[in-house]
1. Suppose accessible area is computed on protein heavy atoms with a 1.4 Å probe; arrange 247, 193 from highest to lowest.
2. Can you tell me which of 25, 195, 215 moves the most in a GNM of the chain? Springs connect C-alpha atoms under 10 Å apart.
3. In square angstrom, what is the accessible area per residue of the chain with a 1.4 angstrom probe?
4. Of 44/95; 87/236; 95/243, which pairs sit farther than 23 Å apart, going by alpha carbon to alpha carbon?
5. Given charges of +1 on the Cβ of Lys and Arg and -1 on the Cβ of Asp and Glu, with all other atoms neutral, how large is the dipole of region 184-257 about its Cα centre, in debye to the nearest 20?
6. For every other residue with a beta carbon closer than 15 angstrom to the beta carbon of residue 67, add +1 if it is Lys or Arg and -1 if Asp or Glu, then tell me the sum.
7. Using a/c under 1.5 as the rounded threshold, could you call region 217-257 rounded, prolate or oblate? The axes a ≥ b ≥ c are square roots of the C-alpha gyration tensor eigenvalues, and prolate needs a/b larger than b/c, oblate otherwise.
8. Given the -39500 (n - 2.57) contribution per DSSP H run of 4+ residues, what per-residue ellipticity at 222 nm results for the chain, rounded to the nearest 500 deg cm²/dmol?
Amino acid sequence: MKGKFLLTALVIGGFYTANAQEKAKPEDTEVYSPVPPEVKAGKKCGEAPSDAIVLFNGTNLDQWVMTDDRNTPAKWNVGKGILTVNKQVGNIETKKSFNNYQLHIEWRVPANITGTGQGRGNSGVFLASLGKGDAGYELQVLDAYNNKTYTNGMAGSIYKQSVPLANPAFKPGEWQTYDVIWNAPVFGTDGALVKPAHVTVIFNGVVVQNDTELKGPTQYIGEAAYRQAHGPSPIKLQAHGDKSEPLSFRNIWVREL
Ligand code: MG
């Protein structure tokens, strides 16, 4: 009797399953809109795609201003297609502000670099500049080739917040790349944090930050926290105050997401 009941249940169960499968079609889960916009990708590694905003193409700093006085054009040195930090004048940042984006930037520690630790080829990409000086969220730039320092302050780190997953640094004199996906923090109308910032960083083709959640803007001393709401912000490059030879940048572009 028990066996007969089980058999009946199996038959009925099978019937319903088969029936459900008959009704569902592959097309049911195929979508045709929205259609992604066509983008002409760069042919060479690092080349800007057709929809990118080129921030530095090797010829001028038209897209940049001084951080401490945004009415002043950026006074770093441009020559031979590259941009070199001018430590005397301070940080520079983009004229334009960004929310979420994809950024490509190449940087080079000079071959003749001197100094040690944080004093050896230090710069930084502030993924959202929050005003004068170093205010903002810093993706560290530093010589990381046989150069010992605290690991949450090495190249590829979110400075003093997140140690990179690997160290793929090339030696001084070689060009290195950062490809960044930045998701800005979201604040409510009351100014309270709704969603913290997240960042993915690919350093010389190697993932070093994988959707890392940020605790707040970079804090040199003490713990980071979201203390003030903000909207879209410029991207800032750091003129670090150490005495080592200045770094260079090239091929900088951004795609808004
Ligand atoms: Mg730095």
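The values are calculated or read from the model by the stated rules, or taken from the named source; none is laboratory data. All of these numbers come straight from a predicted model, not from anything done at the bench. Quick reminder, even Gly has a Cβ in these numbers, built from the backbone with ideal geometry, and neighbours come from all protein chains shown. Areas reflect the complete protein model, heavy atoms only, side chains present, ligands, DNA and RNA absent. Shrake-Rupley method; radii C 1.70, N 1.55, O 1.52, S 1.80 Å.
1. Values: 247 5, 193 75 Å².
Final ranking, largest accessible area leading: 193, 247.
2. Result: 25 has the largest fluctuation of those listed.
3. Here the residues of the chain average 56 Å² of exposed surface.
4. Violating the 23 Å limit, Cα to Cα: 44/95; 95/243.
5. Details: 7 positive and 7 negative charges, 30 e Å.
In debye, rounded to 20, region 184-257 gives about 140.
6. Cβ neighbours under 15 Å give a net charge of +2.
7. It comes out oblate by the Cα gyration axes.
8. On the way: 1 runs with 22 residues, N = 257.
Value at 222 nm, helices only: -3000 deg cm²/dmol.
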